[in-house]
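The values are calculated or read from the model by the stated rules, or taken from the named source; none is laboratory data. This is a predicted model, so every value here is computed, not measured. Neighbour counts run over all protein chains shown; Cβ positions are idealised from the backbone, glycine included. Heavy atoms of the whole protein, side chains included, go into the accessibility calculation; ligands, DNA and RNA do not. Shrake-Rupley method; radii C 1.70, N 1.55, O 1.52, S 1.80 Å.
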Amino acid sequence: MVRRIDVTGAGGVRLAAWEFADPPKQREAEGAPGGVLLLHGLMGRASHWAGTARWLSERHRAVALDQRGHGQSEKLPDGPYTREAYVADAEAALEQLGLAPAVLIGHSMGALTAWQLAARRPDLVRGLVICDMRASALGAASQREWEEWFASWPVPFATLADVRKWFGEDDPWVERPNPSRGAFFAEVMAEGPDGWRPVFDPAQMLRSRETWVHDAHWEELMQVRCPALVVRGLDGELGRAESQEMVRVLPRGQYAEVPDAGHLIHYDQPEAWRAAVEPFLDGVLTG
């Protein structure tokens, strides 16, 4: 059964957290501490983690968070949509959900939030999974490309099939047909009087991204003391050399890669994603 839990984030922002399966009965009876918090990437939502959360819930308590400006969480017109706000929201979620000390699993921007929180509050984090997120600065050119990309979206979409086709085939950023990418974006659309539009405000997404693309994040990565797994898709945005350097600077870093996967690893190859991360999680959560 899917369960929503209301969380109050930094500055009083209303956040929605989700459990997609009941926690194990034995764990619940024992009152075992800790669990897993799943953090989606920019434009994502908690439901993108539903498959991962369900297999995690076979043995652990797993909760996915709709971050501010995303999913069913509050979308404040003036934000803030800063790194500090996202990290403080995740910190508040861990404490209010009773998950600490938790394993944080983050995809893309959510991974950056996860390692920044792990560096700031090591007492709350016992393990970290970084899914296809770079530590290097992306720069102003990257931000301009994203602005142009948002402007190219043919919104509103007439049908969800049109959403799947555009993001899976017609989007100029798609090198070859990618049905999982189409499904990913269909999940963040809502129907209105004139058709289907994103549940997020693209301008807010750009403001969120603006706060981290110009800076490198190696120093915070080096401050992460818990076991950390860096996972990359072979066709994703995180290159092999950078990922291996991330593992090197992490005091307790490990590495995994998923073949035939792009940036949306857990969506592209869910079984291979599970095989890559489950042994690490079992070691951290049961060790």
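Each residue of the range 219-229 was assigned a 3J(HN,Hα) from its phi angle through the Karplus curve 6.51 cos²θ - 1.76 cosθ + 1.60 (θ = phi - 60°); the sequence is 4, 5, 4, 5, 8, 6, 9, 7, x, 9, 10 Hz, with glycine and proline shown as x. Computed from the C-alpha gyration tensor, the three semi-axes of the ellipsoid equivalent to the chain are 27, 22, 19 Å, from longest to shortest. Looking at the chain, send over the antiparallel percent of its DSSP beta bridges, to the nearest 5. Of those bridges, close to 35 percent are antiparallel. Solvent-accessible surface of the chain, averaged per residue with a 1.4 angstrom probe and all protein chains in place: 42 square angstrom.
With an a/c value of 1.5 or above and a/b larger than b/c for the gyration tensor axes a ≥ b ≥ c computed over the alpha-carbon atoms, the range 161-287 is described as prolate.
Which of rounded, prolate or oblate describes the range 126-168 when judged by the alpha-carbon gyration tensor and an a/c cut-off of 1.5? Oblate, since a/c reaches 1.5 and b/c is not below a/b.
Distance between the pseudo-spin-label points of residue 254 and residue 223 (7 Å out from Cα toward the beta carbon): 2.5 nm. State the answer as a single residue: which of 284, 196, 236 lies farthest towards the positive end of the charge dipole of the range 166-287, with beta carbon charges of +1 for Lys and Arg and -1 for Asp and Glu, about the Cα centre. Toward the positive end, the furthest listed residue is 284. Seen through its C-alpha gyration tensor, with square-root eigenvalues sorted a ≥ b ≥ c, the range 199-265 comes out oblate because a/c lies at 1.5 or above while a/b is not bigger than b/c. Amide H contacts under 5 Å for residue 257: 232, restricted to partners 5 or more places along the chain or on a different chain, H placed in the peptide plane at 1.01 Å from N.
In degrees between 0 and 90, to the nearest 10, how far off the longest principal axis of the chain does helix 83-97 point, with axes built from Cα atoms? It is inclined by approximately 50 degrees. Distance from the C-alpha centroid of the range 45-113 to that of the range 232-287: 19 Å, rounded to the whole angstrom. When the Gaussian network model of the chain links Cα atoms closer than 10 Å, the mean-square fluctuations of 91, 148, 257 top out at 148. Hey, can you grab everything whose amide H is under 5 Å from the amide H of residue 73? Only 5+ residues off in sequence or another chain; H modelled, so Pro and N-termini drop out. It is 16, by chain and number.
Here the chain is assigned +1 on the Cβ of each Lys and Arg and -1 on the Cβ of each Asp and Glu. Its dipole about the Cα centre then comes out at about 660 debye.
The charge dipole of the range 169-210, taken about the Cα centre with unit charges on the Cβ atoms of Lys, Arg (+1) and Asp, Glu (-1), comes to about 180 debye, rounded to the nearest 20.
Under a model in which nothing but the beta-carbon of Lys, Arg (+1) and Asp, Glu (-1) is charged, the range 167-287 shows a dipole of about 480 debye around its Cα centre. Within the listed set 133, 109, 189, the residue fluctuating most in the Gaussian network model of the chain (springs between alpha-carbon atoms under 10 angstrom) is 189.
Rounded to the nearest 5, the antiparallel percentage of DSSP beta bridges internal to the range 1-141 is 40%. Note on residue 263: accessible area is roughly 40 Å² with a 1.4 Å probe, heavy atoms of protein only. Under a Gaussian network description of the chain, with springs only between Cα atoms under 10 Å, the residue in 230, 188, 249 that fluctuates furthest is 249.
In this simple spin-label approximation, residue 8 and residue 159 carry label points 7 Å from Cα along the Cα→Cβ vector, and these lie 4.6 nm apart.
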